[in-house]
Structure formats: C-alpha cells, structure tokens
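Right, one structure below, let's go through it.
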Amino acid sequence: MLKDLKANLLDYIHSLNIYDYVAFGWLFFLFVIILTLAILLGRKKPTLAVFLVIVVILLMFVAPFAVKYFLDQTVRKVDVSLDEVAKLNYAEALIVKGHLKNSGKISYQKCHIEAKVFEINSNKYKNMLNNLKPFRNETILLEENISKGDEAVFKIVFEDFKNTHEYNVSLSGVCY
C-alpha cells in the first residue's frame, strides 16, 4: 500500500503542469503574506498575530489537498463510466469494461483507473460498512495520450473471483 502511495505521488509530481505551479505558487505567496502580516502585528496586537500564525499552520496542512481537489475537479476532470460487468462461467474471473472521457482542460498521458467490488447486503448498516471496505480492488495504469474531449476504453480483470453473493462495482479515475 505504501508502495502504491509512493508511486501515485511520484506520478503526480512528475506530471505537474502550469495550472499546478500557479496554484501552489499562489498558495505559497498567501503563506508568506499572512506570516509577514503576523510578524508585523506581533508587537501591537499579539493575539491577532498568534491567530494569523495558527491560520498559516492550518493552511499549510489543509490547502495543498484542497488545491489538488479543486484542480482534479476542474482542470483534470475525468468521467469514468461502467459499460459492462461479466462474471465468467468457465473461469473464476470478473471482467469490468468501461471508458473514460477527458472533460478537463488539458491532455492526459497517464490515467490510474481503480475498480472496487462491494458486497451488497439487505441490512443498510452492514451495507454502509461494506461500502467503506471493498472485498476486491484492482488498479490499472492506462498510458495513452487522451486529448480534451476524447475517450479511451479499458478493461479490468479480477482473477480468482469466487464471490457467490450479490455485488456492486465502482470505478474511479485520476489522470495526469
């Protein structure tokens, strides 16, 4: 799991574009301005200065995630659709077919597509718990050049799939 997180973080860092640099540069500029203001107000209004330092510390931890989320929802927006889910009778495998559409403002070179399989239960509380932890999870790396407005088709295969209960499949994707 830590290896996957490291790989995703390195992919993200290597694929930064002008929008990322502008957003994180603006964030750094905001940190510097608020911290400078806190230092200047330190003697005259120490409580306000302490409050501003606390705001800067909170921003340092929260703002990068908010900026990434905002960029993923606007600049790097991707729509992943589920086309077909087939449980093979002759082999213990589940095949998930789908397509993704580039709805963002830039072209993509890499996409990480994740499929999660959740067990369905009639008890709504147990169903909520099942949705938190999928019993099967597969991720593929789609290395295609996908321009703005283009679509790409993908297939994910779950080997050794022995589930006899009802299940749902959920898809998500992140592109760089």
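The values are calculated or read from the model by the stated rules, or taken from the named source; none is laboratory data. For clarity, every value in this text was computed on a predicted model and none was experimentally measured. Methodologically, a virtual Cβ is constructed for each residue, glycine included, from the backbone with ideal geometry; neighbour enumeration extends over all protein chains shown.
Report whether or not Gly104 is more than 30 Å from Val32 (Cα to Cα) and surrounded by 12 or more Cβ atoms within 10 Å (Cβ to Cβ). So Gly104 fits the description; yes. Checked across the stretch 159-166, the condition of being out of contact with any Lys or Arg (no Cβ under 7 Å at 6 or more places or on another chain), under 21 Å from Lys97 (Cβ atoms), in contact (Cβ under 8 Å) with a residue 40 or more places away in the chain and not in a loop (DSSP other than H, G, I, E, B) holds for at least one residue. Summed over the stretch 20-46, the residues that are under 18 Å from Ala66 (Cβ atoms), crowded, with 16+ Cβ neighbours inside 10 Å and among the small types (Gly, Ala, Ser) give a count of 1. Restrict the check to the stretch 120-129 and report whether at least one residue is aliphatic (A, V, I, L, M), modelled with pLDDT of 85 or more, over 17 Å from Asp83 (Cβ atoms) and in a strand (DSSP E or B). No, the stretch 120-129 contains no residue that is aliphatic (A, V, I, L, M), modelled with pLDDT of 85 or more, over 17 Å from Asp83 (Cβ atoms) and in a strand (DSSP E or B). Looking only at the stretch 107-136, which residues are surrounded by fewer than 16 Cβ atoms within 10 Å (Cβ to Cβ) and either among the basic types (Lys, Arg) or more than 16 Å from Glu166 (Cα to Cα) (or both)? Within the stretch 107-136, Ser107, Gln109, Lys124, Tyr125, Lys126, Leu132, Lys133 meet the criteria. Return yes when Gly42 is part of a strand (DSSP E or B) and among the small types (Gly, Ala, Ser) and no when it is not. Criteria not met by Gly42.
The set of residues in the stretch 130-142 being part of a helix (DSSP H, G or I) and out of contact with any Asp or Glu (no Cβ under 6 Å at 6 or more places or on another chain) consists of Asn131, Leu132. Here Tyr12 meets the list (1) part of a helix (DSSP H, G or I); (2) within 17 Å of Ile57 (Cα to Cα) almost entirely, failing just condition (2). Restricting Ala152, Ala86 to those that are small (Gly, Ala, Ser), under 21 Å from the mean Cα position of the chain (by Cα) and either surrounded by 12 or more Cβ atoms within 10 Å (Cβ to Cβ) or part of a strand (DSSP E or B) (or both) reduces the list to Ala152. Does Leu52 fit the bill of being at pLDDT 90 or above, surrounded by 12 or more Cβ atoms within 10 Å (Cβ to Cβ), hydrophobic (A, V, I, L, M, F, W, C) and touching a helix residue (DSSP H, G or I) at 6+ places or on another chain (Cβ under 8 Å)? So Leu52 fits the description; yes.
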